[in-house]
Structures are given as C-alpha cells and as structure tokens.
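Some notes on the structure that comes next.
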Amino acid sequence: MTVFSNPAFDNHERVLFCCDDATGLFAIIAIHSTALGPAAGGCRLWTYADDTEALHDVLRLSQGMSYKNAMADLTFGGGKAVIMQTPDFDGSEALYERFGTFVETLGGDYITAEDVGMTMDIMQTIARKTRFVTGLPSDSGKAGGDPSPKTAYGVFCGIEAAVLARLERDDLRGLRVAVQGAGHVGYYLCKRLHAAGASLMVSDIDEVRAQRICDEFNATAIATSEILYQDVDVIAPCALGAILDENSIPKIQASIIAGGANNQLRSNADGQRVADAGILYAPDYVINGGGIINVACEYTGDVDDDGVMELVAKIGPRLASIFEEASRTGEPTNVIADRLARKIIADAAAP
Ligand code: NAD
C-alpha cells in the first residue's frame, strides 16, 4: 500500500489509520484540507478487496468533499472516513464507539456524518464518544436528520437551472426525466419532479423501491440496463458512481445529465466526452451539495430548517454560472467546477 504516492493523495493534510483489536475495527480517516475550516464528510461502511482499495477510496472521497464544501460556500474543509467491513466484522456498538474515540482524538479537525452503509442509529452510537458528529435526529424545525430530502431539493434546483440553460424553459411541466436509483435521494427527487408536472421514468435493482415511485408519482419502471438510454430530456443519476464513460456516453439521448449520485464521471476525460456529445452535465459535487449544507448547519446550529432550504436553493444560480461559462468558453462543466473549487481553497489557504 502506498500513501504519499497514491494517485489520489493530492497533498492530504493528514491520514489516520485506526485499528482496534478488541472490537475488530479497521478504519481510515482522511483529512484533505482544513483551509476553509474543519474537514466535514461522512463515514462509509464498505467491504473492500484490501486496505489499498480502502485507502484509495477514502482519499478520493475526501478530496471530493473539499471541492463539494468549497462549492457549497461552506466554512468547512474536506475529509472522509471509511470503516472496513472485514470477514470478522460484527458491527457492534463497541466498534462504533471505538471509531468515535478516534474521531474525538482529532479534536474537531474532522467531523463525521452518515455515508453509504451508515444509519442515524450508528451516528448516535458514535456520538457517545465524540462531539464531532452530525446526521443525528433533529428537533422539528431545526437543521439535521436525514440529509437526503435536502440533497434532492438541491438536485431539483439544479435541474431547473439546466433546463433553463439548455432548453430555454422556465418550468418543468411535461419535462421527461429518467431517474436512476429509487433510494433516498431518488424518491424525494421524484416527488418534487412529479409535483412540478414532469413525466418520470425510474429504475432500481430493488424492484419494490422502483414500484413505489411508479405508484406514488405515476412513473414508468425501466430496466436497469436501459434507464440511461431513454428518449428523455434529462437523466438524473441517483444510484452509483462511474456510470458515465466511453461505453455509456455515446448511447445517451438526453441533452442534460443532472442527478445526485457522487462521482458520476468514470474519469475526468469523460467530462470532455459528455461535452463533445452536446450534453449539459451538472457537476455532481455541485448539484448534490444539499446534504452537506444540511449537515454543516446542524453542526453550527445557527440556521433553522427554512434557512437550510434557502442555502440549498443557491445551488441553482451556482450551476447557472458554470453553465454560462461553459457555453462561453466551450470548456467542460467539470473542468470549470474543479478550477473554481481549487481557487476557493487556495485563496483560503493563502497567508
Ligand atoms: P440509497 O442507498 O438510499 O439509494 C441508492 C439506490 O440505488 C438504491 O435503492 C439501490 O438499490 C439503487 N441502485 C444500486 N445500483 C443500481 C443500479 N445499477 N441501477 C439502478 N439502481 C441502483 O442512497 P442515496 O442516499 O439515495 O444516495 C444515492 C446517491 O446519491 C449515491 O451516489 C450517494 O453517494 C449520493 N449522495 C447522497 C446524498 C444523501 O443525502 N443521501 C448526498 C450526496 C450524494
């Protein structure tokens, strides 16, 4: 396993390897940048082939959080944690408490939250040992709780901005949208799109989840292998990463890709491929920033739920300015977003 020469290392400030024999905990906490403030980013529970794969994942995700937090206009840097689901992993409360003690040792330089595989209950267990945790149940009206409705709202605002920029339409009535993934974000996004009059297609490997959206929002279920290639206006990826590549992009008929999934482009070059195909792509970490805005407001405690929605709504104009620059310069939207994020972080780090 290489650390400093890992292709995803990108000058990480700190990487903490957490091991506890008694509970079977193997975790890695990566802090990419604290230039803007404490590093905020979720903790992922995942089965990795080996520790090299786990390290690569946490470094990549942590750098992504730096960019996401910068573009969401937050005073938080980027970090991430992974807990490795080893063959002996038992998911005990003691294991999560031990993870909490490791987070606490960082003194607030890293603030954890939910990511794939984690739940609000687990966050509460972690919170027994550290103050630096979010994604906890919230009192009504206060920021906090499940971030996915806020993520979905940000994606909805982003779709509105993309539709205006590409289709020159300022309402979504009759807009045809194919949503990949009927999980938390996919469900709340479909709810909003349906209320706005859009016509929906949906796909999920879990047929029950897809069917629920068909029943509640008059959507049509599509095979998972076909959802990206439908004759629609917008594709909204809300499931997996790395779905846009040299194989999938040439088959896409939609003129807009705007969804909540993280890391939609398999590689940066795929951003160029999408642009060359005449498709307007909403950079994922910009459009899906609603959840981290919710988490940040929960942590600082200075904004209520309505205030969170106002901050999330700014994702629309933020994307509109990226779309405008792309149309003016011909640059792919992902390249523009990366440059803006890096500049915000560099300016904050400058003496
Ligand atoms: P989720 O686990 O609730 O939902 C994901 C859904 O995708 C599941 O229903 C799963 O069955 C489905 N799925 C998996 N593979 C699929 C495939 N090949 N085709 C179709 N469906 C498939 O997760 P979520 O919280 O809704 O997050 C969705 C995406 O958005 C993830 O990429 C996540 O990283 C990203 N994201 C989520 C949030 C949030 O607030 N939850 C914030 C930012 C980014």
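The values are calculated or read from the model by the stated rules, or taken from the named source; none is laboratory data. Predicted, not measured: the structure shown is a model, and the values here were computed from it. When we count neighbours, we look across all protein chains shown, and the Cβ atoms used for this are built from the backbone with ideal geometry, even at glycine. Quick note on the areas: whole protein, heavy atoms, side chains included, nothing else; ligands and nucleic acids left out. Shrake-Rupley method; radii C 1.70, N 1.55, O 1.52, S 1.80 Å.
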³J(HN,Hα) computed for each position of region 136-151 - Karplus, 6.51 cos²θ - 1.76 cosθ + 1.60, integer Hz, glycine/proline x: 9, x, 10, 6, 4, x, 9, 5, x, x, 4, x, 5, x, 6, 4
Protection proxy ranking, peptides 38-44, 142-148, 320-326, average beta carbon neighbours within 10 Å, highest first: 38-44, 142-148, 320-326
Mean ellipticity per residue at 222 nm, deg cm²/dmol - from DSSP H runs of n ≥ 4 across the chain, formula -39500 (n - 2.57): -13000 deg cm²/dmol
Inter-part distance where region 118-191 and region 1-35 are each reduced to a Cα centre, Å: 28 Å
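Once the other residues with Cβ under 12 Å from the Cβ of Ala258 are scored (Lys, Arg +1; Asp, Glu -1), what is the net sum?
-2
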Long-range HN-HN contacts of Met118 with modeled amide H, under 5 Å: Leu45
Degrees separating the helix 290-300 axis from the principal Cα axis of the chain, which is the longest one: 40 degrees
Helix 315-329 axis, angle to the chain major axis (alpha carbon atoms, nearest 10°): 60 degrees
Across Lys68/Lys343; Lys150/Lys251; Lys80/Lys251; Lys150/Lys314, pairs whose alpha-carbon gap is larger than 24 Å: Lys150/Lys251; Lys80/Lys251
Solvent accessible area, Å² - Asp215, 1.4 Å probe, full protein context: 110 Å²
Accessible area of region 4-127 belonging to carbon and sulfur atoms, whole % at 1.4 Å probe: 51 percent
Long-range Cα-Cα pairs in the chain (distance over 37 Å), rounded percent: 15 percent
